[in-house]
Amino acid sequence: MPNQRSSRCYMQNHKDDKVSFKVEIPIGENNLTGRECPKPECLGYFKVQFGTGLKGENLPCHCPYCGHIGPHTTFLTPEQVEYAKSVALNQFTEVLLADLKKMEFESRPLGGFGLSVSMKVSGGTHPIYYYREKQLETEVVCEHCTLRYAVYGVFAFCPDCGLHNSLQIFNKSMELIVKMLDMSTSAEDVISSRLIENALGDCVSAFDGFGREVCHIRAGSTASPDKIKRLSFQNLEGARRNILDMFNYDVSTGLTTEEWFIAAKCFQKRHLLSHKMGVVDGDYISKTGDANAIIGRKITVTSEEVRTLVQILYKLAHNISIESGK
């Protein structure tokens, strides 16, 4: 049967305790082996590298998509089951043919009619069903237990320890944004400005994706789970009010008034860049009170303020992550 702690998985076939076949499930490309959630409403496919992650025997497996927990024996994919059956039948028919071959005979003609009797065995073994593991989009190494796994999409629970990777993915996104800002320092002015503006947009997108995912995980703890689907973190003040109403905690906890103002202003600048070609309007002025902005002029975004935003978002994300675990 599957053994999570090693790179091998087995399936055994028993019949009246007389016949036993042990089949090793092949390891896929890059040392990753496929798994499938057994819940009918999920059936999510993912891959893990056996030998990484938690140590021990008979540890459970967590579905990275729905969080279902069960023995690894229940997470075999249909292709692995078919493969194991075909190998078992192949081994069985091989043994059966060998035994029947020993019973082959041919007698000489007997009697006045010259009749002879013989038995010849023909045919081959049962064919083996081969398969290939599917390609997935995101590969992760869990920061908590070091399991290496791959999933569709981006966010997932660790199949070993069950930790959700939302904060880990967010932090990686922030690291890439900082590298983008570093590149802007040596680029030409026009390219530098575009890199900085893109970095700002990526900050908001990463935080929005992170916030939505955390709230999705916590949907069962609110009286209005349907509202979760409509939540957006692209407007900080709006997100703050909604989270306070649905989950009864303030996402701005731990931030100074100045830090919250800087973050909110950066988010409004990103809104201008995404929807107004970066041109300042009256709505931006009324929401931010930005004394340096002039209506009808293009908004200015500096590398320094985006770097400051990154540090503020680290605090906000950590705060949301801590609260979501309660």
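None of the figures in this text is laboratory data; all of them are computed from the coordinates on show. These figures come from a predicted structure and were not determined experimentally. Cβ sites come from the backbone with ideal geometry, for glycine too, and all protein chains shown count toward neighbours.
Students often forget the sequence filter, so: which lysines lie under 20 Å Cα-Cα from Lys101 once same-chain residues fewer than 8 apart are removed?
Result set, ordered by chain and number: Lys120.
What is the distance in Å between the Cα centroid of region 242-274 and that of region 161-195?
20
To the nearest 500 deg cm²/dmol, what mean residue ellipticity at 222 nm is calculated for the chain from DSSP H runs of n ≥ 4 alone, each contributing -39,500 (n - 2.57), summed and divided by the residues? If you can, show how the numbers build up before the last one.
On the way: 7 runs with 133 residues, N = 326.
Result for the chain, helices only: -14000 deg cm²/dmol.
Could you state the angle between the C-alpha long axis of helix 78-102 and the longest principal axis of the C-alpha atoms of the chain, as a value from 0 to 90 degrees rounded to the nearest 10?
With rounding to tens, the tilt is 10 degrees.
Just to be sure I follow the rule: in region 166-324, considering lysines 8 or more places apart or on different chains, how many pairs have Cα atoms under 13 Å apart?
Qualifying lysine pairs in region 166-324: 4.
Over all Cα pairs of region 192-326, how is the pair count split among 10 Å bins, expressed in % and running from 0 up to the last occupied bin?
Histogram of Cα-Cα distances, whole percents per bin: 12, 42, 32, 13, 1.
Just rank Ser205, Ser173, fewest to most, by other beta-carbon atoms within 10 angstrom.
Ser205, Ser173
I need the shape label for region 260-304. Rule: rounded when a/c is under 1.5, else prolate if a/b > b/c, else oblate, with a, b, c from the alpha carbon gyration tensor.
rounded
Report the residue, chosen from Asp182, Asp202, Asp99, that carries the largest GNM mean-square fluctuation when the chain is represented by alpha-carbon nodes joined by springs under 10 Å.
Taking springs between Cα atoms under 10 Å, the residue moving most is Asp99.
Under the Karplus relation 6.51 cos²θ - 1.76 cosθ + 1.60, θ = phi - 60°, what is the ordered set of whole-Hz ³J(HN,Hα) values for region 148-160, x standing for Gly and Pro?
Rounded to whole hertz, the list is 9, 8, 9, 9, 7, x, 10, 8, 6, 7, 5, x, 8.
As a footprinting exposure proxy, order Asp189, Asp160 by other Cβ within 10 Å, with the fewest listed first.
Values: Asp189 8, Asp160 23.
In order of increasing Cβ crowding within 10 Å: Asp189, Asp160.
In what order do His275, His216 fall by count of nearby beta-carbon atoms within 10 Å, going from fewest to most?
Lowest to highest Cβ neighbour count: His275, His216.
With N denoting the number of residues in region 185-226, provide Rg(C-alpha) divided by 2.2 N^0.38 Å, to two decimal places. Could you put the intermediate results ahead of the total?
On the way: Rg = 17.0 Å, N = 42, 2.2 N^0.38 = 9.1 Å.
Taking N as the residue count of region 185-226, the ratio is 1.87.
Hey, what angle do you get for helix 166-184 against the long axis of the chain, alpha-carbon based, 0 to 90 degrees rounded to 10?
Tilt relative to the chain: about 60 degrees.
Divide, for region 120-217, the radius of gyration over alpha carbons by 2.2 N^0.38 Å, where N is the residue count.
Dividing the Cα Rg of region 120-217 by 2.2 N^0.38 Å gives 1.75.
So which GluC sites (Glu not before Pro) in region 154-237 end up in coil per DSSP with only 15 or fewer other C-beta atoms within 10 Å? Numbers along the way, then the final one.
On the way: sites: Glu175, Glu188, Glu197, Glu213, Glu237; in loops: Glu188.
Passing both the DSSP loop test and the Cβ count: Glu188.
For the chain, with equal point scatterers placed on the C-alpha atoms only and solvent neglected, what are the log10 I(q)/I(0) values from the Debye formula at q = 0.07, 0.10 1/Å, to two decimals?
-0.46, -0.74
Relative to the first principal axis of the alpha-carbon coordinates of the chain, what is the inclination of helix 257-275, with its axis defined by its Cα atoms, in degrees from 0 to 90 and to the nearest 10?
70
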